[in-house]
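**Student:** Quick one: the structure is below, questions incoming.
The values are calculated or read from the model by the stated rules, or taken from the named source; none is laboratory data. Being a predicted model, the structure only gives us computed values, none of them experimental. No Cβ is skipped: glycine too gets one built from the backbone with ideal geometry, and neighbour counts run over all protein chains shown.
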Amino acid sequence: MCQLADVSRASYYRHLSESAPEEAEMAARTAIQEVALTHRRRYGYRRVTMEVRRRGMAINHKRVLRIMQEDNLLAIRYRKFILTTDSHHDHEVYFNLAARMTLTGVNQLWIADITYIRVQREFVFLAVVIDRYSRKAIGWALDRTLAARLAVTALQQAIERRRPAAGTVHHSDQGVQYACREYVELLQAHGLVASMSRPANPYDNAACESFMKTLKQEEIYCNRYSDFSELSAHLEEFIDTYYNQQRLHSALGYRTPEEFEHAATAPESGGTPAAATMKFFTPPTGEKSPPGPGDSPSTVGT
């Protein structure tokens, strides 16, 4: 249109902003407010931008940030995540497989972690199991104690929901809840392969740590819970409905875990994904020394 009318694009936009500035601004502000309040101010300006674009409006992230600042709609953020892991025990510690895996689909690597939550008169504990490929929370449990049953209940829920094939890797820290006999026997009974992070090296479990941080900042610190049952109801809504089905994840290309899994398993994506690969470093033939920087990698399927 600009070419046909012999008008520059800058002149067109200048005329547009002069003729209807309030209408355009109000439309953008209304869309941003709707997204921010629908997600209970859990979204930062980047996710709000992506959600507004998904609804058909072309808008720049800088404009979204400005409007959210003016309307006091920036995401609520309070405290930092606190790690609570007891790794001082005599149980077996398993080899770290997660650091060597390249994932191609769901149910290849599960990651698990535990955190605490404060209600009005007590502390309670939450255990979660997440599919590392899609970031979907597939199992969780809430309890008043850090006993092994907390982690076991979360794992049982994940197994019932996903029915994983033998060989799925389960990765966690070295906490006693994950190394105890009851938990390991449940893993072995369903063909799950145990994997654990090294001490003070949480990077292989970073996706689970990220989930805990998101949960605390977008749900826990935004509300006050009177008792255990109220907290449980809120967690069920946040994890199973909001986090898995509605919240856009930047690591998934601003898709929800449900959308990401559906796209990964759709027929047009190629059907069943290839098996995950696992990379090791093998010393030269005849040597039994630890792997060094010059060793060549070998890859095997899982």
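**Student:** Taking segment 188-219 as the search range and keeping residues that are closer than 14 Å to Ile239 by Cβ and among the hydrophobic types (A, V, I, L, M, F, W, C), which one is nearest to the chain's Cα centre (by Cα)?
**Tutor:** Filtering segment 188-219 for residues that are closer than 14 Å to Ile239 by Cβ and among the hydrophobic types (A, V, I, L, M, F, W, C), the one nearest to the chain's Cα centre (by Cα) comes out as Phe211.
**Student:** Here's another thing I want to ask about it. Among the candidates Glu237, Glu261, which residue alone is within 18 Å of the chain's Cα centre (by Cα), over 23 Å from Thr153 (Cα atoms) and modelled with pLDDT of 90 or more?
**Tutor:** Result of the check over Glu237, Glu261: Glu261.
**Student:** Could you count how many residues in segment 217-226 are surrounded by fewer than 20 Cβ atoms within 10 Å (Cβ to Cβ) and in a helix (DSSP H, G or I)?
**Tutor:** 3
**Student:** For segment 34-42, state whether one or more residues are closer than 27 Å to Cys208 by Cβ, modelled with pLDDT under 90 and over 22 Å from the mean Cα position of the chain (by Cα).
**Tutor:** No, every residue in segment 34-42 fails to be closer than 27 Å to Cys208 by Cβ, modelled with pLDDT under 90 and over 22 Å from the mean Cα position of the chain (by Cα).
**Student:** Taking the condition of being assigned to a helix (DSSP H, G or I) and more than 24 Å from Leu109 (Cα to Cα), how many residues in segment 227-244 meet it?
**Tutor:** 8
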